[in-house]
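Engineer: Sharing a structure below in structure tokens format, with a few things to ask.
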Amino acid sequence: MLATVDIIESISVMKTFHQTLSIKTSNCLEFIDITEQIIDLVKKSQISNGIINIQTKHTTTGIIINEHEPLLLSDIKSTLERLVPQEITYQHNNFKIRTVNMTANERENGHSHCKAIFLRTSETLNIFAGELQLGTWQRIFLLELDSSQTRNISVMLMGMV
């Protein structure tokens, strides 16, 4: 079976484009579909062929690509909770012995950090002919693993105009 190859023959200029998205989350294991915001950034960048990297700047969130189907999202939540239950003991939550990376309003979120090891902090996608290359059912999600707060996502596009 032969693969199809799209060849672009034109003089193009390499460009980078960056923007940070700030998103307010509501609760633990919340899936926030950011696909339309990412598509808007691709259009705004005017990059016709290149790549986009979408990166969370937090250790208790994930960036994932999957189907936006409610029962599937519920299954993913259940799987993460089975793997890393909130109600068990985490050393990270023991503020009597923990001395590193503490803040004034520190939360007990060991479960959030442990869930994060099963997820990615970024996703990289192709841009071709000015369009984000997603499959039929693919959507881009920020997954909150902790509690309600403002989250920042760094979005970098690189490619030809």
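The values are calculated or read from the model by the stated rules, or taken from the named source; none is laboratory data. Since the model is a prediction, treat every value here as computed from it, not as a measurement. Note: ideal-geometry Cβ built from the backbone for every residue, glycine included; neighbour counts use all protein chains shown. Accessible surface areas use protein heavy atoms only, side chains included; no ligands, DNA or RNA. Shrake-Rupley method; radii C 1.70, N 1.55, O 1.52, S 1.80 Å.
Engineer: Rounded to the nearest 500 deg cm²/dmol, what is the calculated helix-only ellipticity per residue at 222 nm for the chain, with -39500 (n - 2.57) per DSSP H run of length n ≥ 4?
Structural biologist: -6000 deg cm²/dmol
Engineer: If you don't mind, another one. Using a 1.4 angstrom probe, figure out how much accessible area the chain has per residue, in square angstrom, rounded to the nearest whole.
Structural biologist: Normalised by residue count, the accessible surface of the chain is 61 Å².
Engineer: What dipole magnitude, in Debye to the nearest 20, does segment 108-147 give about its Cα centre under +1 on Lys/Arg Cβ and -1 on Asp/Glu Cβ?
Structural biologist: Dipole about the Cα centre, nearest 20: 140 debye.
Engineer: First compute the accessible area of the chain with a 1.4 Å probe, then give the percent of it belonging to carbon and sulfur atoms.
Structural biologist: Using a 1.4 Å probe with all protein chains present, the chain comes out at 53 percent carbon and sulfur.
Engineer: For segment 45-142, rounded, prolate or oblate, judged on the Cα gyration tensor with a ≥ b ≥ c (square roots of eigenvalues), a/c < 1.5 rounded, else prolate if a/b > b/c?
Structural biologist: Oblate is the answer for segment 45-142, as a/c is 1.5 or above yet b/c matches or exceeds a/b.
Engineer: Then there is this: So which GluC sites (Glu not before Pro) in segment 99-135 end up in coil per DSSP with only 10 or fewer other C-beta atoms within 10 Å?
Structural biologist: Those that pass, being in a loop and sparsely packed, number zero.
Engineer: Can you give the charge dipole size of the chain about its Cα centre, rounded to the nearest 20 debye, using +1 on the beta carbon of Lys and Arg and -1 on the beta carbon of Asp and Glu?
Structural biologist: That gives the chain a dipole magnitude of about 580 debye.
Engineer: Between VAL42, VAL84, VAL13, which gets the highest mean-square fluctuation from a Gaussian network model of the chain, Cα cutoff 10 Å?
Structural biologist: VAL13
Engineer: Can you pull out the trypsin sites (Lys or Arg not before Pro) in segment 65-104 that DSSP calls coil and that have at most 12 other Cβ atoms within 10 Å?
Structural biologist: Passing both the DSSP loop test and the Cβ count: LYS96.
Engineer: Same structure again: Quick check: net charge around ILE140, other residues with Cβ under 13 Å of its Cβ, Lys/Arg +1 and Asp/Glu -1?
Structural biologist: -3
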